[in-house]
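What follows is one structure encoded as C-alpha cells, with my remarks underneath.
No lab work stands behind these numbers, since they all come straight from the coordinates. Worth saying up front: this structure is predicted, and the values here are computed from it rather than measured. Using ideal geometry, Cβ is built from the backbone for each residue, glycine included, and neighbour counts are taken over all protein chains shown.
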Amino acid sequence: MAETGAKVLKKAKEAGVKFVSLRFVDVLGTAKNCEVTVDRLEKVIDQGLWFDGSSIEGFARIHESDMLLKPDLSTFATLPWTNNTVAAVMCDVYGSDGKPFVGDPRFVLKSVVEKARKMGFEYKVGPELEFFLFCQKNGNGNGSGTGGHASPEPHDSASYFDLDPMDLAADLKREIVPMMESMGMSIEMSHHEVAPGQHEIDFKYDTAVKQADNVLTYKNTVKMVAKKYGLFASFMPKPIQGINGSGMHVHQSLWKGGKNAFFDAKDEYNLSDVAYSFVAGQLHHARALSAVVAPTVNSYKRLVPGYEAPVYVCWGRRNRSALIRVPEQFMKREYATRAELRCPDPSCNPYLAFAAMLAAGLDGIERKMKPPESVEEDVYEFDDAKLAKRYINTLPGSLGEAMAEFAKDAVLKEALGANLSEKLAAAQKQQWDAYRQQVTKWELDEYYPVL
C-alpha cells in the first residue's frame, strides 16, 4: 500500500474512526455515499469499491451499471459531529473498463482544470454560499413544519451583519466554523445576511476541485449542526417570496508561475489582458452558463430585479447589480485581484458550475475576446432604451429559457462532455415539465373566481 494510504489508516485508527463514508455526487450535485467499516478501508484504498451506477441520476444505463469508487485520500477527514467515529472521503468514479467515468462531475471538472493547466493557468475560486435557517415545528420531515406548502418560518428576524442576540444563530455558527477548520477548510468570516434567518460562512479561495469538495462539506456540516439545534438549514435559492434569495457568488482568478495572472498594476482596474478576456468569455456565454450555475426552476425566482441578485449581463467594479464584479483593490494587492461571478446559487452542482465557468473564461482567452465598457451605474434603474444603447443583455428568465441557451452553446457542452450534457438536459427537462404542469395557488387565486 502507498504511504498515503498508510497515513490515512493511521489517522483513522488514532481518531477512533469506526465507519468511513465514501462520497461522490450525481449529475444534479446531490451528494451520495456508501459506508464501510474502518476495517474495510485498507481494501477499499487498494481495490476501490464496486457499486450499481444505474440507480444514480445521470450515471450508467442498466446494462452497464458496474462502477467503481476510488477514494481521493487527500480529502479524508473525520466528521466532528460524530465525535470523529465517522470519517468521509471524496471518491472518483470509474467504469468497468478501468477508465474514469466521463459522466462523473468531479472528472469533468478535473478535465477542464487540466486544459487550463496546459494553457499555463491554475484556476482558483472562492465561493460564498448563503443559506437559511428555518424553525421545525410539526416534525413532518420537510424542514418547514408547514406541510410543505406555506412559507417556512425563518429562525430570526435579524438583518445584514446583525450580532447576537438579534442573530439567534451566532452560537450555531461558532460551532460550525471550528468543525470546518478541523476538516481542512480555511474560514475567513461568518455573518448574518440581509434576509431574516439568512447566513453566510466564507472560506478562503483555493483550487477548483478542492473548493467543489469543500462546498459539499460546507453544506453537509451546516445541515447536520442545524439539525442538532432543532433547525432546518436550506440552500434553496428562493425559499420565501418577497425577501432576498440565497446566492453562491464565486470569486475567480487564474494563476501562472505562482503569480496572479489577472493582475496588472499599470491598468486602471489593475486587470491584465488575461483577466479582461476571461471576463469577456463569461459574459459571452452567460445565458447558457445560467443552466449550469442556476440549474433549478427555483433559481429563476431569485434572479429577478430588486433583491440584489444579478439580472443584466454586464460587468463593473463598484456595481453590485452587475453580473461580474471586479472588487476594488486598495494598494494594488496582486493576490486579491479577482472577478466575482454573481449569478450562481447553492442549488448548483459545484463541479459542473466551476467547470463551465472556467471553460467560458478560457474560451474568452483563446479567442482574445474584449469585454464591453464597464457599467458603474445601478443597472436596475436603466430603461429598455438605455439597456439597448449600452448593449446590455439579460439572463434567462426561466429554467426553460436557460436550457434552450445551453443547448446552443458548443463550448459549454464540450466542456461538460456529451454524456453529462445529455444527462443534465434530460434531468432538467423532467424538472421543467413537472413544474409547467403544476396548477399553483396563485393561478387559482387569480383566475378561478373570474374565469
*Can you give the helix-only mean residue ellipticity at 222 nm for the chain, where every DSSP H stretch with n ≥ 4 adds -39500 (n - 2.57) and the sum goes over all residues, rounded to the nearest 500 deg cm²/dmol?*
-10500 deg cm²/dmol
*Would you pull out the residues with amide H under 5 Å of T394's amide H, same chain only if 5 or more places away, H placed 1.01 Å from N?*
V313
*Gained length - S159 relative to A6, 0.36 nm times residue gap less alpha-carbon distance*: 50.3 nm
_Prolate/oblate/rounded label for the stretch 381-449 (Cα gyration tensor, a/c 1.5)_ = oblate
*Rounded if a/c is under 1.5, else prolate if a/b is larger than b/c, else oblate: which is the stretch 68-119, with a ≥ b ≥ c the root eigenvalues of its Cα gyration tensor?*
oblate
*asked:* Give me, ordered by chain and number, the residues 5 or more places off D26 or on other chains with an amide H under 5 Å from its own placed amide H.
replied: K32
_the stretch 321-445 - percent relative contact order, Cα under 8 Å, separation 6 or more_ = 23 percent
_Quick one: 3J(HN,Hα) in Hz for the stretch 24-30, Karplus 6.51/-1.76/1.60 with θ = phi - 60°, rounded, Gly and Pro as x._
7, 10, 8, 4, 8, x, 6
*Ranked by how many other beta carbons lie within 10 Å on average, peptides 269-280, 9-20 from highest*: 269-280, 9-20
*Looking at (1) 31.5; (2) 24.4; (3) 22.3, which value of mean projected area of the Cα convex hull in nm² comes from a calculation on the structure shown?*
(2)
*Taking K and R as +1 and D and E as -1, what net charge do the other residues with C-beta under 14 Å from the C-beta of A280 add up to?*
-1
*FRET efficiency for R320 and V102, using Cβ-Cβ distance with R0 set to 30 Å, rounded to 0.05*: 0.20
*Which listed pairs, of K173/K228; K124/K408; K124/K204; K11/K43, have C-alpha distances above 19 Å, in listed order*: K124/K408
*In whole Hz, what ³J(HN,Hα) sequence does the stretch 336-346 give by Karplus (6.51, -1.76, 1.60; θ = phi - 60°), x for Gly and Pro?*
9, 6, 7, 10, 9, 8, 10, 8, x, 9, x
*Can you list the lysines whose alpha carbon sits under 18 Å from that of K238, skipping same-chain ones fewer than 8 residues off?*
K219, K223, K301, K441
*Once phi is turned into θ = phi - 60°, what whole-Hz ³J(HN,Hα) does the Karplus curve with 6.51, -1.76 and 1.60 give for every residue of the stretch 87-98, x standing for Gly and Pro?*
10, 10, 8, 6, 10, 9, 9, 10, x, 5, 7, x
*Take the alpha carbon gyration tensor of the stretch 295-451, find the square roots of its eigenvalues, order them as a ≥ b ≥ c, and report rounded if a/c is under 1.5; if not, report prolate when a/b exceeds b/c, else oblate.*
oblate
